[in-house]
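Let me begin by handing over the structure; questions about it come next.
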Amino acid sequence: MITKIRECDDALVELRAVLFEPALGVPNVTLLQHLNTCRSCRAILLLLMAETQPDGVPPASCAECLADLAAFIDVVRANPSAASEYPAVWWHLWLCPRCSETYQLTLELLDAQPRDLATLAPIRLEGSLVHELLQRRTVPLLAARGADDQHVLFDAVIGADLPRLCTIVLDAGDDAGLRVVVQLDPASAGVVELRCGELCLHGVFSGGQAVLAPLPADLLDAPDRADIQLFFS
């Protein structure tokens, strides 16, 4: 019991410091794990958050949190002080044991996988080319594979240190939006980031494939359509 009290005391001291810190930082995984299992500390957490959560930050739902979680993790791993770019996600992780557990497991998965793509140069796909392909129903390279609703945007060997065949496909068959699928051969671990105008999507490679979605079709139909850029890490 004494050990439990000490754990709670240490957690509450750290929790108060975290919540009252002006700048948002990376959520403390050890502290989140304690809060997920200790009802007393979670009750105190809710009281503290009533004092500290800014009025201008709307609470995120689980779906909204999970949709932005990959981007949030990528941002804070590169720059811990950049958590303020996703304040709703940051606050939700303290409140929701299920999403905080997903956050912890994702970090463990990323740490377990060697991220060996940092040396790859970014890939730029011209917006006009993507728009032109969307106007067609088939592309010869994929038509032969029986995929009338897909378009090859890129198919070439990349990487000087360890050459990989990189194939980028635009999947136009989903009414919910377009999907960009990036395939690397040989399979590699890491993260790919897609930027198109103000849109930013992230995908984690699994089995050499990463999926980036949803990509709004109207973004590519705009008169000043932006190029698609892919960054590897």
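The values are calculated or read from the model by the stated rules, or taken from the named source; none is laboratory data. Note that this is a predicted model, so its numbers are computed, not measured. Neighbour counts run over all protein chains shown; Cβ positions are idealised from the backbone, glycine included. Areas reflect the complete protein model, heavy atoms only, side chains present, ligands, DNA and RNA absent. Shrake-Rupley method; radii C 1.70, N 1.55, O 1.52, S 1.80 Å.
Could you tell me how many of the residues in the range 212-233 are free of Cβ contacts under 8 Å to residues at least 40 places away in the same chain and open to solvent by 60 Å² or more (accessible area, probe 1.4 Å)?
3
Looking at (1) over 30 Å from Leu19 (Cα atoms); (2) open to solvent by 50 Å² or more (accessible area, probe 1.4 Å); (3) at pLDDT 85 or above; (4) of a type outside the set (Phe, Trp, Tyr), which one does Glu101 not meet, given that it meets all the others?
Status for Glu101: all satisfied but (1).
Can I ask one more? Quick one: how many residues across the range 60-100 are among the aliphatic types (A, V, I, L, M) and outside any helix (DSSP H, G or I)?
1
Okay, moving on. Hey, among the residues in the range 29-42 that are open to solvent by 50 Å² or more (accessible area, probe 1.4 Å) and without any contact (Cβ under 8 Å) to a residue 60 or more places away in the chain, which one's nearest to Arg77 (Cα to Cα)?
Residue satisfying both the conditions and the ranking: Thr30.
Out of the residues in the range 176-192 that are in contact with an Asp or Glu (Cβ under 7 Å, 6 or more places away or on another chain) and open to solvent by less than 30 Å² (accessible area, probe 1.4 Å), which is nearest to Ser128 (Cα to Cα)?
Looking at the filtered set, the residue picked out is Leu178.
Here is a follow-up. Name the single residue, out of those in the range 46-84 being of a type in the set (D, E, K, R) and modelled with pLDDT of 85 or more, that is most open to solvent (accessible area, probe 1.4 Å).
The extreme case among them is Glu64.
Turning to a different aspect of this structure: For the range 163-187, enumerate the residues that are at pLDDT 65 or above, in a loop (DSSP other than H, G, I, E, B) and closer than 22 Å to Glu126 by Cα.
Ala172, Gly177
Which of the residues belonging to the range 149-162 are in a loop (DSSP other than H, G, I, E, B), modelled with pLDDT under 85 and either under 25 Å from the mean Cα position of the chain (by Cα) or over 20 Å from Leu129 (Cβ atoms) (or both)?
Those that are in a loop (DSSP other than H, G, I, E, B), modelled with pLDDT under 85 and either under 25 Å from the mean Cα position of the chain (by Cα) or over 20 Å from Leu129 (Cβ atoms) (or both): Ala160, Asp161, Leu162.
Pairs, please: C-beta under 7 Å, at least 6 apart or cross-chain, first residue among the basic types (Lys, Arg) and in the range 79-108, second assigned to a helix (DSSP H, G or I)?
Listed by first residue and then by second, the contacts come to Arg98/Cys62.
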